[in-house]
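S.K.: Once you've had a glance at the structure underneath, I'll fire off some questions.
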Amino acid sequence: MELKLKRPLAFFDLETTGVNIATDKIVEVSILKVNVDNSEEVYTRRINPQIPIPVESSMFHGIYDEDIKDAPTFKDLAKEIAEFIGDSDLAGYNSNKFDVPMLMEEFLAAGVEFSLEGRSFVDVQNIFHQMEQRTLKAAYKFYCGKSLDNAHQAEDDVRATYEVLKAQLSKYENESYTDKHGAVSYPVVNDVEALHKFTNLTKPVDFAGRFVYDEQDEVCINFGKHKGRRLTDVFESEPSYYAWMQNGDFPLYTKRILEKLWNEYKSARNAQKQQIAKKDEPKVKVETNPKPITSDMLASLQNKFGK
């Protein structure tokens, strides 16, 4: 099956020093870009994270400190990676929760502009979990009937993810899905925008999931003591919350989104204050039909102000 694409779709997978988006680093990136004509381009590079790789992480993906000691840093490769992805939509396995925010964190730290605006994001894991509920290795076996012998090697994982998506499109082409509200739909279709809607389950604002949209599309906090509250309400009752987050150990992309939301909130508040002040201004009565000036009026004024 060929994908129906309006623009390229970049499947990507990251191997990292750990799973903390704010503090861990990428050690390998692999991108399989499927072009509109379904031709493929592959980009795979090892990366020096400039911090030690924990042994447990190395045992997981097979990349050790000595393997990347002479490799370029992400900053060295950031522009090259951004140019390779170009205007592609993004796809991966668990990519919405991990790979996309991790990639954005590295781009921001490197000072390379990479916008997520206008892109679609297809998380193949979310299709699998919603339609069948299980790991990439199990998905590959289930959908493709093949064993993934080199799991956790980035290029093998990303190619397996691509094959799983195509198999999912074939399997669920006419299969219905019932959501938690009882609404029935046929969401797994050969259309990236439709898959974007189906696989972005929690409607995250910042990908790290610190902020999410509620059912009214209002931004809500998704962690800590204010979880479930609208962000504007917290800004109103506790303005110091913004400074606390900006100075805290949160991902750079989360902080950028927070700054944008804070500036929007302040602009709305200032506009509201100006509107109230305008309503409260004393109204000056302008006489629309003034009395004609007479010689007596002029004489009176001359007596009052004149010589």
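S.K.: Among the residues of segment 189-209, is any touching a Cys at 6+ places or on another chain (Cβ under 7 Å) and free of Cβ contacts under 8 Å to residues at least 24 places away in the same chain?
M.R.: no
S.K.: Among the residues of segment 159-174, is any farther than 27 Å from LEU32 by Cα, touching a residue at least 24 places away in the same chain (Cβ under 8 Å) and under 23 Å from the mean Cα position of the chain (by Cα)?
M.R.: No, because not a single residue in segment 159-174 is farther than 27 Å from LEU32 by Cα, touching a residue at least 24 places away in the same chain (Cβ under 8 Å) and under 23 Å from the mean Cα position of the chain (by Cα).
S.K.: Within segment 79-137, track down each residue that is buried (at least 21 other Cβ atoms within 10 Å of the Cβ), under 25 Å from LYS255 (Cβ atoms) and of a type in the set (S, T, N, Q).
M.R.: SER95, ASN96
S.K.: What's the number of the condition CYS220 fails, among (1) more than 30 Å from PHE250 (Cα to Cα); (2) surrounded by 18 or more Cβ atoms within 10 Å (Cβ to Cβ); (3) free of Cβ contacts under 8 Å to residues at least 40 places away in the same chain?
M.R.: In the conditions (1) more than 30 Å from PHE250 (Cα to Cα); (2) surrounded by 18 or more Cβ atoms within 10 Å (Cβ to Cβ); (3) free of Cβ contacts under 8 Å to residues at least 40 places away in the same chain, CYS220 misses (1) alone.
S.K.: So which residues in segment 60-101 are under 25 Å from the mean Cα position of the chain (by Cα), part of a helix (DSSP H, G or I) and charged (D, E, K, R), if there are any at all?
M.R.: LYS75, ASP76, LYS79, GLU80, GLU83, LYS97, ASP99
S.K.: Determine which member of the set SER115, SER30, SER57 is in a helix (DSSP H, G or I), out of contact with any His (no Cβ under 8 Å at 6 or more places or on another chain) and either at pLDDT below 95 or hydroxyl-bearing (Ser, Thr, Tyr) (or both).
M.R.: Every option except SER57 fails the conditions.
S.K.: Could I ask something else about it? Out of all the residues in segment 184-217, which are assigned to a strand (DSSP E or B), crowded, with 20+ Cβ neighbours inside 10 Å and among the polar types (S, T, N, Q)?
M.R.: Correct list: empty.
S.K.: Take segment 122-169 and flag every residue that is part of a helix (DSSP H, G or I), of a type in the set (Gly, Ala, Ser) and closer than 17 Å to PHE11 by Cβ.
M.R.: Listed by number, the residues that qualify are ALA139, ALA154, ALA160, ALA167.
S.K.: Which residues, counting only those in segment 33-54, are buried (at least 16 other Cβ atoms within 10 Å of the Cβ) and not in a loop (DSSP other than H, G, I, E, B)?
M.R.: Listed by number, the residues that qualify are LYS33, VAL34, TYR43, ARG45, ARG46.
The values are calculated or read from the model by the stated rules, or taken from the named source; none is laboratory data. Being a predicted model, the structure only gives us computed values, none of them experimental. Reconstructed Cβ throughout: ideal geometry from the backbone, glycine too, with neighbour counts over all protein chains shown.
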